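Reading through the structure tokens given below for one structure.
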Amino acid sequence: MPLPKHWLRRMAVLGALALLAALIIYLAEDELNTVVFVLLVAGVVGVGAWMLLAPDELRDWLTGRQVYYGTGTAILTIIVIGFAVAGYSLAEQQNLVRDLTDAQIYTLDKTSVRALEQMESRLAFGGFTARIVGFYNREELRERKSAEYLLQQYAEKSTGLLTLEFIDPDIEPLMAQQFGYSPTLDLGPLYLVIYNSSGNRVTIEPIGGPEEVLISTAMLRISVAGQFKVYFITGHLEYSAQSEAGLGLSGVYTTLPLVGINTDTLDITTAEAIPSDATTIIIAGAQLPYTDSDVEKIAAYMASGGRMLVLADPPYADPISMVSPNTFMLTDDPLNRYLWDEFGVRMREDLISDVSSSIENEFVIVPARIGPSAIMDDQLQSLAVYFTLVRSIEMADDLGALTSTQAAYRRDVIYATSDDAFGETRLRDVNLEDEASFDADSDTAGPLAFAVSIRLVNELDSDIQPRVIIIGDTDWLTNDFIDPQSGIEGIPGNIKLWNNTIEWLTRYSEIASIPAANRTDLLPIIVTNQEQTRIQLITLVLLPGAILAVGVLVWGFRRQA
Amino acid sequence: MSFWTIFKREFRQYFVSPIAYLVAFAVLVLLGLSFNTDLNYRITNSLPPNGAVVLGNFGFLMVFFAPLLTMRLFAEEMREGTLELMMTMPLRDVDLVMGKFLGAWGFYTVLLSLTLVYQGILLFLTNLDPNPAPLQTYFDIGPVIAGYMGLWLYGGATIAIGMLFSALSDNQIVAGFLSMSVLLVLWAGDVAGLVPASVISTDVVLALRVISLQAHYSTSFLEGLIALQDVYFYIAIMMVSLFITTRLVESRRWR
């Protein structure tokens with residue numbers, strides 16, 4: 001018994017749908033899998049049965065006006081869709097974007113464009129190319145799209161040496177491994193890769209997240225690689241630069257390379273001289289005095305325009321632990337003498353007590369006075385910086401008569417104590433548990449400077465531009481205060497002081513630092529309870545209620561009409 | 001009879017139809033809740049204001065409300081037989097479709113403009129000056145302007161898609177359900193990557209993202225960016241949908 005025609009028609013429609021589904025799945029999956037095969041068979045059976053068992057319908061359909069008009073409409077529709085898709089592709093290639101944010105956070109800053117130009121000029125010199133590689137898996141396609149808006153701008157401003165590439169770490173785990181990318185490490189998905197002329201990777205520079213400041217800084221790191229080097233001086237029981245302990249300096253030692261500043265240690269007692277590639281030397285909390293020979297090396301380095309950070313703790317011996325007293329920078333210490341003769345500053349042999357500007361006890365000091373030094377900025381000025389066991393600094397300016405050498409330098413107080421502070425000189429009698437008492441005969445009355453920056457008065461006119469920062473405490477820079485890795489949250493003020501110090505000494509910021517997009521720090525919204533109640537009344541009752549009331553009125557009028 | 005006549009008729013129709021007021025009421029209640037919840041969250045957590053949040057939620061609501069606004073446009077005319085009557089009039093099919101579309105889009109624009117109340121409140125509480133006085137919060141109006149532009153285009157695209165399904169069926173419920181389903185898929189295409197790879201391949205995910213309505217809105221307009229490709233996408237969706245709708249209406253002449 002033949003199948004009814006309306007059944008055959010339904011089979012044909014279902015068959016056509018199955019064929020369409022098979023085509024879509026095949027195009028998407030790019031393989032003839034079981035589902036595609038089953039749909040294909042079902043489609044052929046459905047359409048084939050209708051064609052074979054109802055040939056008269058097939059003939060009528062093919063010669064009917066529905067096919068005539070329908071085919072024309074279908075072709076026209078496909079053409080329109082084709083044009084739309086082509087237009088979209090063109091629009092996508094143009095990548096025309098208008099940034100309406102007030103801070104222009106999606107528009108490249110001039111400094112970013114300069115960073116890109118700087119990197120490309122260096123790449124072009126050696127026949128290198130660069131690529132920003134982003135690792136985004138299929139779950140992060142939204143984030144990838146967001147990043148693309150910014151990254152595309154770099155590619156467009158590039159002379160052709162910078163390209164972009166996105167890699168799915170789930171599909172290419174080996175590639176992710178080669179880059180050191182892991183979503184669990186939270187290091188950010190972007191990397192800047194440098195290729196040589198043979199197409200081999202020569203450098204992989206981690207960028208972090210898709211932020212302009214990070215991307216541009218990575219480019220500058222490539223540009224200035226090898227230009228900056230900071231030496232941590234050793235040989236006199238200085239604080240350990242590599243130690244990860246609370247009193248170690250690994251927090252600063254290991255993070256400097258992340259911004260393109262290389263670090264190393266230098267035993268000044270055995271070195272013939274300070275290396276010529278030293279951008280800055282750091283003497284951090286030595287316990288023993290420097291010899292004349294050591295100071296000669298330092299003097300030679302500074303005479304050639306060197307930069308130096310000197311951190312010195314008070315010559316104080318804890319009576320409980322009975323540790324040998326710190327003998328670094330005593331009055332007759334050669335380094336202290338050199339600093340006085342050359343720069344007009346020297347460390348006093350004291351321990352500052354400041355009851356008016358301290359926390360915990362009078363020896364943990366928060367600066368009461370902030371001087372107009374070159375390293376100070378609004379942000380640092382607004383942050384509290386903590387110093388523990390501090391010694392004061394004497395400045396030649398306070399004595400009035402300056403030698404010609406001293407007069408060539410400008411000394412700016414960075415931090416000073418309050419008027420109530422004093423420098424306790426009877427250090428053998430000090431017990432940190434008890435309150436220190438001021439002795440007018442021997443102690444120095446406040447305010448006392450304990451952080452000073454020094455540079456030439458006519459620095460801009462000089463080819464040689466030595467700079468010194470001297471601070472009467474070392475603890476503020478240790479992992480306990482700076483490095484969150486030590487288990488204690490880094491103190492923002494101390495971190496900022498370190499950043500400003502190293503930037504001013506190395507002049508890194510002038511060459512290789514990108515200011516973050518000038519986005520205004522958005523303040524939290526403040527609303528009183530009364531205002532909030534009014535807002536709720538307006539938005540939840542009055543506005544929807546008014547619309548509903550008008551609707552009811554309209555409905556009422558219509559019913560009456 | 002021109003498309004202008006159709007537009008005026010359709011636009012007026014919304015203001016005498018209880019369903020349009022109910023839609024507007026529901027949208028404003030839901031957005032009001034969303035606005036107050038977000039405001040409360042920001043006050044509690046000391047966060048800056050963000051006028052784009054309520055716009056993002058409006059976009060999602062349109063997945064459900066656009067079909068309610070459009071399902072009757074052709075389906076009702078077909079069911080009552082007035083469409084055939086209109087087709088005998090000296091009126092081009094494209095004028096009929098464009099008139100109805102612009103009428104619906106016009107009503108949507110009025111609905112969208114009502115949400116300016118939320119931005120007005122935020123402006124009242126904050127400041128447009130990037131260097132505000134102490135204790136006064138700065139309000140970046142850029143993402144809000146871009147967000148409104150995007151939402152306006154996005155709404156046009158959802159209405160055009162809704163109209164297409166209204167022209168497909170003479171049953172309003174079927175038309176509404178079909179367009180809601182398609183809009184939901186197009187909305188969720190943005191997050192298709194969250195579906196395991198064993199279910200859909202990455203190529204399909206990428207394709208879904210390209211045609212996703214949300215993907216062209218959430219990462220650009222709502223962030224304060226107006227990208228040519230996103231503007232074009234919504235215009236293209238409108239044009240293609242309206243073209244197919246016109247062909248569907250036209251097909252009644254030869255079916």
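Which one is surrounded by the most Cβ atoms within 10 Å (Cβ to Cβ) among residues in segment A:284-305 that are at negative phi and not in a helix (DSSP H, G or I)? My answer is A:A286. Of all residues in segment A:16-26, one or more are at pLDDT below 90 and buried (at least 16 other Cβ atoms within 10 Å of the Cβ). If the condition is being farther than 13 Å from A:N137 by Cβ and among the polar types (S, T, N, Q), then segment B:188-215 contributes B:S198, B:S201, B:S212, B:Q214. For segment A:1-20, a tally of residues being closer than 14 Å to A:P55 by Cβ and of a type in the set (K, R) returns 2. Taking the listed residues B:F25, B:F64, the one that is closer than 29 Å to B:G103 by Cβ, surrounded by 15 or more Cβ atoms within 10 Å (Cβ to Cβ) and more than 10 Å from chain A (Cβ to nearest Cβ) is B:F64, with no other qualifying. Kindly indicate the residue of segment A:80-111 that is of a type in the set (V, I, T) and facing another protein chain (nearest Cβ under 10 Å) and also farthest from the chain's Cα centre (by Cα) among those meeting that condition. So the residue we want is A:V80.
Selection within segment B:33-44: residues that are free of Cβ contacts under 8 Å to residues at least 40 places away in the same chain and either under 19 Å from the mean Cα position of the chain (by Cα) or more than 8 Å from chain A (Cβ to nearest Cβ) (or both). The member of this set that is nearest to A:I526 (Cα to Cα) is B:T44. Scanning segment A:45-79 for residues that are without any contact (Cβ under 8 Å) to a residue 12 or more places away in the chain and aromatic (F, W, Y), we see that the one that is farthest from the other protein chains (Cβ to nearest Cβ) is A:W61. Would segment B:81-98 turn up any residue that is more than 9 Å from chain A (Cβ to nearest Cβ), under 19 Å from the mean Cα position of the chain (by Cα), at pLDDT 90 or above and under 25 Å from B:L184 (Cα atoms)? Yes, some residue in segment B:81-98 is more than 9 Å from chain A (Cβ to nearest Cβ), under 19 Å from the mean Cα position of the chain (by Cα), at pLDDT 90 or above and under 25 Å from B:L184 (Cα atoms).
Screening A:L187 on (1) surrounded by 14 or more Cβ atoms within 10 Å (Cβ to Cβ); (2) farther than 27 Å from B:P196 by Cα; (3) modelled with pLDDT under 90 shows it passes everything except condition (2).
The condition (being in contact with a strand residue (DSSP E or B) (Cβ under 9 Å, 6 or more places away or on another chain) and under 19 Å from B:N57 (Cβ atoms)) is satisfied by just one residue among B:A146, B:A188, B:A157: B:A146.
Across segment B:216-248, the number of residues qualifying as part of a loop (DSSP other than H, G, I, E, B) and more than 8 Å from chain A (Cβ to nearest Cβ) comes to 0. Being under 24 Å from B:A52 (Cβ atoms) and surrounded by 17 or more Cβ atoms within 10 Å (Cβ to Cβ) is the requirement here; does B:L153 meet it? Criteria met by B:L153. Looking at segment A:330-339, is at least one residue of a type in the set (F, W, Y) and in contact with a helix residue (DSSP H, G or I) (Cβ under 8 Å, 6 or more places away or on another chain)? Checking segment A:330-339: at least one residue is of a type in the set (F, W, Y) and in contact with a helix residue (DSSP H, G or I) (Cβ under 8 Å, 6 or more places away or on another chain). Checking the conditions here, which among A:A91, A:A84, A:A147 is in contact with a Pro (Cβ under 9 Å, 6 or more places away or on another chain) and either surrounded by fewer than 16 Cβ atoms within 10 Å (Cβ to Cβ) or of a type outside the set (V, I, T) (or both)? A:A147 is the lone residue from the list that is in contact with a Pro (Cβ under 9 Å, 6 or more places away or on another chain) and either surrounded by fewer than 16 Cβ atoms within 10 Å (Cβ to Cβ) or of a type outside the set (V, I, T) (or both).
Evaluating A:P169 against the criteria (1) surrounded by fewer than 17 Cβ atoms within 10 Å (Cβ to Cβ); (2) of a type outside the set (F, W, Y); (3) not in a helix (DSSP H, G or I) leaves one unmet condition, (1). Here B:S251 fulfils each of the conditions (1) closer than 30 Å to A:Y149 by Cα; (2) within 8 Å of chain A (Cβ to nearest Cβ) apart from (1). The set of residues in segment B:127-168 that are assigned to a loop (DSSP other than H, G, I, E, B) and either modelled with pLDDT under 85 or on the phi > 0 side of the Ramachandran plot (or both) comprises B:L128, B:D129, B:P130, B:N131, B:P132, B:A133, B:P134, B:L135, B:Q136, B:T137, B:F139, B:D140. The residue list A:A440, A:A416, A:A421, A:A408 contains one member that is over 21 Å from A:S357 (Cα atoms) and more than 30 Å from the chain's Cα centre (by Cα), which is A:A408.
Checking each residue in segment A:306-321 for being of a type outside the set (A, V, I, L, M), assigned to a loop (DSSP other than H, G, I, E, B) and in contact (Cβ under 8 Å) with a residue 60 or more places away in the chain picks out A:G306, A:D313, A:P314, A:P315, A:Y316, A:D318, A:P319. Residues that are more than 30 Å from B:I173 (Cβ to Cβ) and of a type in the set (S, T, N, Q): does segment B:30-37 have at least one? Yes; the residues of segment B:30-37 include at least one that is more than 30 Å from B:I173 (Cβ to Cβ) and of a type in the set (S, T, N, Q).
Mind listing just one residue for me: the one in segment B:136-181 that is touching a Gly at 6+ places or on another chain (Cβ under 9 Å) and aliphatic (A, V, I, L, M) and, of those, farthest from B:M98 (Cα to Cα)? Per the stated criteria, the residue is B:I141.
Taken together, the residues in segment A:264-283 that are surrounded by 15 or more Cβ atoms within 10 Å (Cβ to Cβ) and under 35 Å from the mean Cα position of the chain (by Cα) amount to 10. From the list A:L108, A:L150, A:L90, the one residue that fits, being in a helix (DSSP H, G or I) and more than 16 Å from A:G209 (Cβ to Cβ), is A:L90. Has segment B:228-239 got any residue that is touching a strand residue (DSSP E or B) at 6+ places or on another chain (Cβ under 8 Å) and touching a residue at least 24 places away in the same chain (Cβ under 8 Å)? Taking every residue of segment B:228-239 in turn, none turns out to be touching a strand residue (DSSP E or B) at 6+ places or on another chain (Cβ under 8 Å) and touching a residue at least 24 places away in the same chain (Cβ under 8 Å).
Candidates are the residues of segment A:527-561 that are loosely packed, with under 14 Cβ neighbours inside 10 Å and assigned to a loop (DSSP other than H, G, I, E, B); the one that is modelled with the highest pLDDT is A:T528.
The values are calculated or read from the model by the stated rules, or taken from the named source; none is laboratory data. Values in this document were obtained by computation on a predicted structure and should not be read as measured data. Because the Cβ atoms are built from the backbone with ideal geometry, glycine has one as well, and the counts that use them run over all protein chains shown.
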